[in-house]
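Student: Take this structure, written in structure tokens, and hold onto it; I'll ask about it next.
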Amino acid sequence: MSLFSVNEEKCKKDGICAAECPLSIIDFQDKGKVPRPFDHSESLCINCGHCVSVCPHGALTHKNLAPQDCYQVDKELALDVEQTEHFLRYRRSIRNYKSKAVEKEKIEKLIHIASHAPSGHNVQPVHWQVIDGKEKVTELSSHVIDWMKNMLKAQPDLAKMMHLDMITAAWEMGMDVVSRRAPALVLVNGGSKDPFADSACKIAMTFLDLSAPSLGLGSCWNGYFNRAAMSWEPLQKALGFPEGIINYGTMMLGYPKYQYYRMPNRNTPRVTWTD
């Protein structure tokens, strides 16, 4: 088949697919005929699936996506504004975890959800990596401590501003302030020279972060691990990064030891309105 086919019996010739195509590669200039791909459209298509998803009639089938392959929209599951605010504000950074391991199936479900996060030009550049087990997390966190000790020697002012002196001291006393003895870490990695990777990885990780409570899990961004993984070669080797791949975000994951009962306020947003 060509880039897409149209079921002429279902098509209402309303042109919605052409209007919504982000690359404008669907020809609907002749309003009396069904849409068709422009010449050379196949080389421009980003496989976003908008044309298939937006058709109310299920008339368009992309060569890589059929209507029946899509997850159907259920308006009964849509959140209203109050539910949306509660859902987003309920999210907390969890730093105390039960000793219970996180089931592989739950991590896979979170990654599946998060893999649908937007990415520039639909390039989907995210490489997921899961560190499973408290012992392995602690082993890798020791490399972060080594990075911190090196930072205290090489850039003492910056290191102290980041409280690396206190964190390394706590480590020597048996306290893990790096990964909080989390039973699992989830990493989002991507190409070091990929212009889309940084934002795509962070957006995808945010999706995972927000989804975790729905499975009874808690999460927390691990900025220290991320900083070390971006530059500390021993940690990069321990993580087995392929050539050209770096870490753009690390998340602690586990079952919360404590529950939260209130949602604190934040500062009034700083907004500049430009008319």
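Student: Go through the range 248-261 residue by residue and turn each phi into a ³J(HN,Hα) via Karplus (6.51, -1.76, 1.60, θ = phi - 60°); whole Hz please, and just put x for glycine and proline.
Tutor: Rounded to whole hertz, the list is 10, x, 9, 10, 6, 8, x, 7, x, 6, 10, 9, 9, 10.
Student: Let me check I've understood the local charge: for residue 212, count other residues with C-beta under 11 angstrom from its C-beta, Lys and Arg +1, Asp and Glu -1. What total comes out?
Tutor: On the way: positive: 91, 92, 106, 109; negative: 209.
Net charge around residue 212: +3.
Student: Work out the charge dipole of the range 1-149 with +1 on the Cβ of Lys and Arg and -1 on the Cβ of Asp and Glu about the Cα centre, then indicate which of 5, 117, 43 is farthest towards its positive end.
Tutor: Sorting the options by dipole projection puts first 117.
Student: Scan the range 53-155 for chymotrypsin sites (Phe, Trp or Tyr not before Pro) in coil per DSSP, keeping those whose Cβ has at most 12 other Cβ atoms within 10 Å, and list them by number.
Tutor: Loop-located and lightly packed - 71, 90.
Student: Which residue, chosen from 179, 192, 248, occupies the Cα position most advanced towards the positive end of the dipole of the range 89-254, where the dipole is computed from +1 (Lys, Arg) and -1 (Asp, Glu) charges on Cβ about the Cα centre?
Tutor: 179
Student: Then there is this: Gaussian network model of the chain, Cα springs within a sub-10 Å range: biggest mean-square fluctuation belongs to which of 32, 15, 120?
Tutor: Answer for the Gaussian network model of the chain: 32.
Student: Taking every pair of alpha-carbon atoms in the range 4-69, what share in percent sits in each 10 Å bin, from 0 to the bin with the longest distance?
Tutor: 24, 62, 15
Student: Follow-up. What is the dipole size for the chain, taken about its Cα centre, with +1 at each Lys and Arg Cβ and -1 at each Asp and Glu Cβ, in debye to the nearest 20?
Tutor: 940
Student: Going by C-beta contacts inside 10 Å, put 173, 161, 151 in order with the fewest on the left.
Tutor: Result, fewest neighbours first: 173, 161, 151.
Student: Any idea how far the Cα center of the range 16-31 sits from the one of the range 210-274, in Å?
Tutor: Their Cα centres are 39 Å away from one another.
Student: Specify the inter-centroid distance of the range 64-96 and the range 123-178, based on alpha-carbon positions, in whole Å.
Tutor: One Cα centre to the other: 33 Å.
Student: Per residue of the range 23-36, in order, report the coupling 6.51 cos²θ - 1.76 cosθ + 1.60 (Karplus, θ = phi - 60°) as ³J(HN,Hα) in whole Hz, putting x for Gly and Pro.
Tutor: 9, 6, 10, 9, 8, 10, 5, 8, 5, x, 10, 6, x, 8
Student: As a quick test, which of the pairs 136/193; 10/33; 10/63; 98/160 have an alpha carbon distance above 24 angstrom in this structure?
Tutor: Table pairs above 24 Å Cα-Cα are 136/193; 98/160.
Student: Something else now. Neighbour counts of other C-beta atoms within 10 Å: give me 45, 201 arranged from fewest to most.
Tutor: 45, 201
Student: Counting other Cβ atoms within 10 Å, keep those with at most 16, restrict to DSSP loop, and tell me which GluC sites (Glu not before Pro) in the range 6-72 are left.
Tutor: Answer by residue number: 8, 9.
Student: Length gain on complete extension for the stretch residue 44 to residue 14, per 0.36 nm per residue less the alpha carbon to alpha carbon distance?
Tutor: Computed gain between residue 44 and residue 14 is 8.5 nm.
Student: Convert 10 °C to kelvin, take the viscosity as 1.306 mPa s, use the Kirkwood radius over C-alpha pairs of the range 228-272 as Rh, and evaluate the Stokes-Einstein diffusion coefficient in µm²/s, rounded to a whole number.
Tutor: 107
Student: Next up: What's the exposure ranking of 272, 206, going from fewest to most Cβ atoms within 10 Å?
Tutor: Fewest to most other Cβ atoms nearby, the residues stand as 272, 206.
Student: Here's a follow-up. Counting Lys and Arg as +1 and Asp and Glu as -1, what is the net charge of the other residues whose Cβ lies under 10 Å from the Cβ of residue 95?
Tutor: +4
Student: log10 I(q)/I(0), Debye, Cα-only the chain, no solvent, q = 0.11, 0.12, 0.13 Å⁻¹?
Tutor: Listed by q, the Debye log ratios stand at -0.80, -0.91, -1.00.
Student: I would also like to ask the following. Within 10 Å of each candidate Cβ there may be at most 11 other Cβ atoms; applying that plus a DSSP loop requirement, which chymotrypsin sites (Phe, Trp or Tyr not before Pro) in the range 196-275 survive?
Tutor: 261, 273
Student: Can you work out ³J(HN,Hα) from phi for every residue in the range 91-102, in order, using Karplus 6.51 cos²θ - 1.76 cosθ + 1.60 and θ = phi - 60°, giving whole Hz and x for Gly and Pro?
Tutor: For the range 91-102, the Karplus curve yields 5, 10, 7, 9, 10, 10, 10, 5, 6, 4, 6, 8 Hz.
Student: Moving on to the next point. At 0.36 nm per residue, and after removing the present C-alpha to C-alpha distance, how many nm does the segment from residue 259 to residue 78 gain when stretched out fully?
Tutor: 62.6 nm
Student: While we're here: State, to one decimal in nm, how far the label point of residue 169 lies from the label point of residue 157, with both points 7 Å from Cα in the Cβ direction.
Tutor: 2.1
Values quoted throughout were computed directly from the atomic coordinates according to the rules given, and no laboratory measurement underlies them. Remember, predicted model here, so these are calculated numbers, not experimental data. All Cβ positions, even for glycine, are placed from backbone atoms using ideal geometry, and neighbour counts span all protein chains on display.
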